[in-house]
Each structure stands twice: as structure tokens, then as C-alpha cells.
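FYI, it's all coordinate maths here, none of it is from the lab. Given the structure is predicted, the values throughout are model-derived calculations rather than measurements. No Cβ is skipped: glycine too gets one built from the backbone with ideal geometry, and neighbour counts run over all protein chains shown.
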Amino acid sequence: MIWAGATFLFFLFVNSMSIAGEIKLTGNMIQGGLIVGWATPGAKIQLDGKPILQADSGNFLIGFARNFKLSAAFEIFFKDGTSHDRLLSIGQRNYKIQKINGLPKRKVTPNKKDLALIKNQSKLINKARLVFVKEPYFTAGFVIPVVGRVSGVFGSQRILNGKRRQPHFGLDIAAPEGSVVKAASDGIVIFVHKSMFFNGKTIIINHGLGLRSIYIHMNSINVRPGMKVLKGQIVGTVGKTGRATGPHLHWGLKLNQTPLDPEQLFWE
Ligand SMILES: [Zn+2]
């Protein structure tokens, strides 16, 4: 329960904690939040007993899912035999109910043929996800991909045409069709699709260590799989392809399999 031997600076706000020298955790300790960490390279890091991958550079990532429990045991074992552990407190979120009506019926209740297509398309995404990027590109920091009005937030319980559906795992930013979409951070483009059933024109960028951002409903795409992109680089334009009632960018973020809240990336 103590950081034995470590000099540390601890901000009482749940959103920032930093330990000088050996461990640094930056980010919002909240459901849906991403923690960008650094520790002396060669450490073994665990959250609730599960291993956390550390890059050769010492960087690592921790993500808190939408309904993550309100505390977690963080442990780190250094190469020199010393170790630290601490109970992290994770802030609780209140998610709203979002009702959207007027969507085409098939986009809410797909037919048999659509379901087969959806399944095939999600297989393509699953395959792309296997591309492992070990470079911690995310250390470049983050930018908001589109300037616009937030029209949908992370975590909302969704009622589409009166039917209960999956929570909304992303941030919707409404902007005129054709507005430029920028890469949220440095990374490698691992997926491009021109016509997904729900997502329409879609890009996924891998920012390293399992962190990926997705950009959907786009009007045009100007990157190819395998391309290295820089934070702020234009990757395409805003559209309303797929399941969308108007032009907007749905921007999603995942750490491995866990959807996170893009809005929580801006802690500075
Ligand atoms: Zn959305």
C-alpha cells in the first residue's frame, strides 16, 4: 500500500498522479479513462494481477472500461528486486440515455443478409487488430481529430428507433461534410474500409501497445493500410456514410479489447 523508497508527488485530484523518478502515471483515473505510464524499463507491471505490457522505452498503458470497478491494485516489480504497490481509485461516471430516431429500419434491425455482411466486416477488423505495434507512438500526445460540436458522448445507453442497443463507445463530433479529419496521434494505419454496414468509410490507426483509434462515417479517406501518420495529419474528411443521421465523425478509442473515452485523453 506504500510506494517504498520512492519520492513521489501526488495530486489529490483523481485525474493526475505522478511519482518522480521511477514511476509516472498521467491521465484521468476515471471509468473510460486512459493512463499513460512510464517506469524504469525492464519492470513487471500488473493491474489486479494481470500483466501490463511495458515498451522497451519504459512506457505502458492502462485503460479503465466503461463500468470498471472503483479500485484496482497496481503493482510493479523492478529488475533490481524492489517493488511498489498501490490501490488506485477510479472515478465513477454517470451515463445518459441517448435516443435517436429516424434511422433506416435495416440499420437498427439488420436482415439476415446484412447480419452475414456485418459478421464478415467485423472479422476484417479483428484481423487488423492482430497487427501488433510495439513502438509507443502515443507519446506524441493527442489532438481532437475534428473541430465541431459534440453530438454524442462515450458510454451513453442507446435507444435507436425505440430499440435498446449497445452503449455508444465513442465521441461524435458534428461538422460539415468535407471538414478535414486529423490523426489523433502518431501511429500506423492498420485498417481502411470504404463501405462498412454501420461504420461506412472507416480508418483504424494503431498508436502502439494495443492503443487504437477509429474514425467512422467518413466521406473520403486519403491514407492506406501500413502508412505511418503523424499527430494532426489529415487522414480524410467528415461524412455521413454508414449508420448516421447527419455528417459527423465518430471517433473511438480502444486499448486492446476495451473501449475508452476519447474525451478523457485531454488531461493537460
Ligand atoms: Zn458515434
### Query
Between the helical axis of 112-129 and the dominant principal axis of the chain, each derived from Cα atoms, what acute angle in degrees is found, rounded to the nearest 10?
30
### Query
How do 95, 215 rank when sorted from fewest to most other Cβ atoms within 10 Å of their own Cβ?
95, 215
### Task
Let me know the shape class of the stretch 97-265, please: from the alpha-carbon gyration tensor, a ≥ b ≥ c as square roots of the eigenvalues, rounded when a/c is under 1.5, otherwise prolate if a/b is greater than b/c, or oblate.
prolate
## Note on the structure
Taking 202, 258 and counting other beta carbon atoms within 10 angstrom, the fewest-first order is 258, 202
### Query
With charges set only on the Cβ (+1 for Lys and Arg, -1 for Asp and Glu), what does the dipole of the chain come to about its Cα centre, in debye to the nearest 20?
1760
## Note on the structure
Ranked on Cβ counts within 10 Å of their own Cβ, fewest leading, 194, 112 go 112, 194
### Task
Count the lysine pairs in the stretch 84-206 whose Cα atoms lie under 21 Å apart, taking only pairs 8 or more positions apart in sequence or on different chains.
28
#### Entry: Proximal charge balance of residue 185 [Cβ under 11 Å; K/R count +1, D/E count -1]
+2
### Query
Under 12 Å Cα-Cα from residue 50, which aspartates and glutamates qualify once same-chain neighbours fewer than 8 residues away are excluded?
75
### Query
GNM, the chain, Cα, under 10 Å: largest mean-square fluctuation among 174, 116, 244?
116
### Task
Report the residues of the stretch 152-168 in range of a label on residue 99: point 7 Å along Cα→C-beta, backbone N strictly under 15 Å from it.
157-165
## Note on the structure
Around residue 261 (Cβ within 9 Å, Cβ-to-Cβ, excluding residue 261; K/R +1, D/E -1) the net charge comes to +1
### Task
Please work out the Cα center distance from the stretch 229-251 to the stretch 127-185, rounded to the nearest Å.
9
